[in-house]
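What follows is one structure encoded as structure tokens, with my remarks underneath.
The values are calculated or read from the model by the stated rules, or taken from the named source; none is laboratory data. Given the structure is predicted, the values throughout are model-derived calculations rather than measurements. Virtual Cβ from ideal backbone geometry, glycine too; neighbours counted across all protein chains shown. Side chains are part of the model used for accessible areas, which takes the heavy atoms of the whole protein and leaves out ligands, DNA and RNA. Shrake-Rupley method; radii C 1.70, N 1.55, O 1.52, S 1.80 Å.
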Number of protein chains: 2
Amino acid sequence: MGEKNTLLEAFRQTNYRVVGHGNREIRMLKEALKEFDGDEESDIYGAGNIIEDFQNKLSEYLGKEAAVFFPSGTMAQQIALRIWCDHKGLKRVAYHPLCHLEIHEEDGLKELHHIEPILLADKDSVIQLDDIVNMKEDISCLLLELPQREIGGQLPDYETLEAISAYCREKGIKLHLDGARLFEILPFYKRSAAEVCRLFDSVYVSFYKGIGGIAGAILAGDEAFIKESKVWKRRHGGDLISLYPYIISADYFLTQRLDKMGQYYEGAKELAQLFNSCHAVSTKPMEPVSNMFHVHFNAPKEQLESNLIAIYEETGIGLTGYINETENGCTYEAAIGDQYALIPKENLQNIFRKLDERLKEINVRN
Amino acid sequence: MGEKNTLLEAFRQTNYRVVGHGNREIRMLKEALKEFDGDEESDIYGAGNIIEDFQNKLSEYLGKEAAVFFPSGTMAQQIALRIWCDHKGLKRVAYHPLCHLEIHEEDGLKELHHIEPILLADKDSVIQLDDIVNMKEDISCLLLELPQREIGGQLPDYETLEAISAYCREKGIKLHLDGARLFEILPFYKRSAAEVCRLFDSVYVSFYKGIGGIAGAILAGDEAFIKESKVWKRRHGGDLISLYPYIISADYFLTQRLDKMGQYYEGAKELAQLFNSCHAVSTKPMEPVSNMFHVHFNAPKEQLESNLIAIYEETGIGLTGYINETENGCTYEAAIGDQYALIPKENLQNIFRKLDERLKEINVRN
């Protein structure tokens, strides 16, 4: 008797996948290095052409005076908030309850920087202007994450963003952008990165989400802010003697994929519609505003998994390699990348017909 | 009229160099990646074969229960000291006045961890047992750096090391090894890494000094300590989604160079002797106990530089690309690597004859 596939194994065996750029394999680095002879000199503790050129390229793209390359966004953002708090002499900031710094960093902001976060807004919604206006406490800095990843990738409308920016400026509150997925929202906002970043005092972007690089981040802002961030980068242990493996690959995949964000956004809208047309499935947001969304199944996890495995084996197309249980059923996060466009349209329609049928059956039985 | 070379430019134009492994170029990474097809999966946030295998390999080599790969020693060591301080409930440690944490980390230990360091010993000597016994304050942890890099790479004798280890164990003081250059001292001590590390509760080693890799560090210790270090690694922003570029190259160059440490040590002794045979030059230590030593010239910087440039141009052999001014003249740090063995012995004798002659002349004129 053969062993049954797990959902992950079945997903890995598919020929086509609706999500992602493909497996994160070493070939990504080999590919990024191809155009280099090998003679090129490593950066050295933050200096040298490779790092300085990339930092200049990004500061220009983001419309900021300066930028610094960090090994991680976790490091970059704790440091950004710390600098703003030091400037104001007040160790208090505000952000969404599901902010990365609140739930994914083992409380680094508190343990290392002793900064107190005020949690704004309902955890199921994005932050609105009223949430900030109604804040009792004074803060040094407000962090906005665009889009709000943990709730499916939701965005405030642009007027709200502008109003929040103006209000913060008026009140002497610094505004920091968690732009882990900034590139991915520009098609929806129909604005350039520099335009959006103009609303913010400091900005962080990532190179391994929609861009699909290996690792690394950029922190951008005014000259004084960036100069200070380099001191903290050393303190945190992030001023590596050589960061070029991440810089070179960030540059390579940025060049490859920056102009595909519109394609990913359209793909996300299309895929979300296919999910929403199925029995017992809904997406959040209903209509994506980036390359991502969350899929919510009103079905028990185990039953859904075995049905998905069957669909993958029948069609050779994978929807996801994992499913998380929720109160009402289960969920997963879809992020559209290069893989989506490779799927023939009829096959896509077919897989959702099968999914719909199977979900109907699950509901009839339950 | 042609522009005169700077010392660095002249050094870079030499065919042979007494120090180092060669320029830090991108080819180092391309070389390390050659044996990989590209199908191999990246590590992911500290998990996966690439990272786990390497961590196991190193913990075994160092004779410790467990190990974790860090992007930098700066991060690894602040975290090691923090954990030991938390265990004892006392935020005080002790180390040498020229400890890396004291002079090269923008006070990260104090700014992030609020740990107070007691500075032991004269800054020109290594720490001795009496320095610890005579300490007034209680501490959680003592950090020993072997060899003491900032004073030329000096070592206590092994009996002293054993006595310090026993004393700390008796007094409930944890002992941490700054082993940035641990591999390099094993030939002198004639002991394995595991033997030396047995004296210590925690150990840090580096992969881009004598090993000549690209970046990265290992922190090793008991299971509980290592488990805690992973939480702090995340807090510090060091739990990168992918660390394999550094891990793969660390492994590659470790395999290449670990067994050459004896050769580098012998080369260092030989080269130091050549320097010491010259007029107005001395090395510290007089006889190296690792692959490194500091060269002290009793001569003014500018005059020495122009003489060195002339020697490089005459012989095609480079001694150093920089010289730092001191009270009594100038100095540079020599670290023997792969390059030294490539120099024909007669050429080496020749260059020191020329150096000796020129130094005699400088002294006659001054």
| remark: When region B:103-130 is checked residue by residue, the ones that are within 14 Å of chain A (Cβ to nearest Cβ), open to solvent by 40 Å² or more (accessible area, probe 1.4 Å) and within 19 Å of the chain's Cα centre (by Cα) are B:ILE103, B:HIS104, B:GLU106
| Looking at this structure, is B:SER229 hydroxyl-bearing (Ser, Thr, Tyr), away from chain A (no Cβ under 11 Å), touching a Lys or Arg at 6+ places or on another chain (Cβ under 8 Å) and over 25 Å from B:GLY38 (Cβ atoms)? | no
| task | All but one of (1) more than 25 Å from the chain's Cα centre (by Cα); (2) free of Cβ contacts under 8 Å to residues at least 40 places away in the same chain hold for A:ILE26, so report the exception by its number. | result | (1)
| task | Looking only at region B:34-49, decide whether some residue is in contact (Cβ under 8 Å) with a residue 24 or more places away in the chain, open to solvent by less than 20 Å² (accessible area, probe 1.4 Å) and over 22 Å from A:GLY38 (Cα atoms). | result | yes
| message | Residues that are within 18 Å of B:LEU155 (Cβ to Cβ) and away from chain A (no Cβ under 14 Å): does region B:245-262 have at least one? | response | yes
| request: With the checklist (1) within 22 Å of B:ASP43 (Cβ to Cβ); (2) at the interface with another protein chain (Cβ under 10 Å from one of its Cβ atoms); (3) free of Cβ contacts under 8 Å to residues at least 60 places away in the same chain in hand, flag the one item A:PHE207 doesn't pass. | output: (2)
| query | Taking the condition within 14 Å of chain B (Cβ to nearest Cβ) and under 20 Å from the mean Cα position of the chain (by Cα), does A:PHE36 pass? | reply | no
| field | B:ALA193 open to solvent by 10 Å² or more (accessible area, probe 1.4 Å), over 26 Å from A:LYS233 (Cα atoms) and in the same structural domain as B:LEU155 (by TED's automatic domain parsing) | value | no
| Which condition does A:ILE83 not pass, out of (1) more than 19 Å from the chain's Cα centre (by Cα); (2) assigned by TED's automatic domain parsing to the domain that holds A:ARG169; (3) open to solvent by 20 Å² or more (accessible area, probe 1.4 Å), if it passes all the others? | (3)
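Let's see how each residue does on (1) open to solvent by 30 Å² or more (accessible area, probe 1.4 Å); (2) more than 23 Å from A:ASN291 (Cα to Cα):
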| residue | (1), (2) |
| --- | --- |
| A:TYR167 | yes, yes |
| A:GLU170 | yes, yes |
| A:ALA180 | no, no |
| A:ILE185 | no, no |
| A:ILE214 | no, no |
| A:LEU219 | no, no |
| A:ASP222 | yes, yes |
| A:TRP232 | no, yes |
| Out of B:ALA47, B:ALA80, which single residue is among the aliphatic types (A, V, I, L, M), at pLDDT 95 or above and touching a Cys at 6+ places or on another chain (Cβ under 9 Å)? | B:ALA80
| field | region B:254-289 - residue that is in contact with a helix residue (DSSP H, G or I) (Cβ under 7 Å, 6 or more places away or on another chain) and without any contact (Cβ under 8 Å) to a residue 60 or more places away in the chain and, of those, most open to solvent (accessible area, probe 1.4 Å) | value | B:MET286
